[in-house]
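Please read the structure below before turning to the comments.
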Amino acid sequence: MAANVEIYLWTTCPFCIRAKRLLDHKGVKYTEYVLDGDEPGRAKMAERANGRRSVPQIFINNHHVGGCDDIHALEQEGKLDELLAAS
C-alpha cells in the first residue's frame, strides 16, 4: 500500500513546483490542496502544520514533513523513500 501524501500549495509558487517535481520524479501519487485565494484552506493547513503558513506544506501519512527544503533534505539524507514506503 502506498503512503498517503498531501501537499498544500499555490499554483505559481516556485517552491511548490519544485517539491511536486521531486514527488513526480519518484512516481509518488499525492493529493493537492490548492490554496490560491483560499484563506480558510490556508488556516486549516496552518493548524495541521503547527502554525506554519508558508507553502508548500507536505504531509506523509498525516506526519508533517515540512516544506520544499525539508522534503529535499529528506531525499538528500536518503530518508524520503523510507517515509514513502511506510503505510
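The values are calculated or read from the model by the stated rules, or taken from the named source; none is laboratory data. These numbers come from a predicted model, not from an experiment. All Cβ positions, even for glycine, are placed from backbone atoms using ideal geometry, and neighbour counts span all protein chains on display. Side chains are part of the model used for accessible areas, which takes the heavy atoms of the whole protein and leaves out ligands, DNA and RNA. Shrake-Rupley method; radii C 1.70, N 1.55, O 1.52, S 1.80 Å.
I'd like the carbon and sulfur percentage of the solvent accessible area for segment 29-73, probe radius 1.4 Å, heavy atoms only, ligands and nucleic acids excluded. Before the final figure, lay out the partial values.
Details: 1150 of 2460 Å².
Solvent-exposed carbon and sulfur of segment 29-73 make up 47 percent of the total.
Once phi is turned into ³J(HN,Hα) by the Karplus curve 6.51 cos²θ - 1.76 cosθ + 1.60 with θ = phi - 60°, what whole-Hz value does each residue of segment 47-62 show in order, with x for glycine and proline?
Those phi angles translate into 4, 6, 9, 6, x, 6, 10, 6, 10, x, 10, 10, 10, 10, 6, 6 Hz.
Under 4.7 Å Cβ to Cβ, no partner at all: give me those cysteines from the chain, in residue order.
Result for the chain is 68, no neighbouring Cys Cβ within the cutoff.
Compute the helix-to-body angle for 14-25: its Cα long axis versus the longest principal axis of the chain, expressed 0 to 90° and rounded to tens.
30 degrees
What is the sum of charges around residue 17, taking Lys and Arg as +1, Asp and Glu as -1, for the other residues whose C-beta is under 13 Å from the C-beta of residue 17? Walk me through the intermediate numbers first.
On the way: positive: 18, 20, 21; negative: 24, 32.
Here the count lands on +1.
Near the amide H of residue 65, under 5 Å away, which other amide H atoms are found, from residues 5 or more places off or on another chain, if H is placed in the peptide plane?
Answer set, sorted by chain and number: 58, 59, 60.
Does segment 1-51 come out rounded, prolate or oblate by the C-alpha gyration tensor, with a ≥ b ≥ c the root eigenvalues, rounded set by a/c under 1.5 and, if not, prolate when a/b is larger than b/c and oblate if not? Walk me through the numbers on the way to the answer.
Numbers: a/c = 2.40, a/b = 1.44, b/c = 1.67.
Cα axes put segment 1-51 in the oblate bin.
If Lys and Arg each add +1 and Asp and Glu each add -1, what is the summed charge of the other residues whose beta carbon sits under 14 Å from the beta carbon of residue 29?
-1
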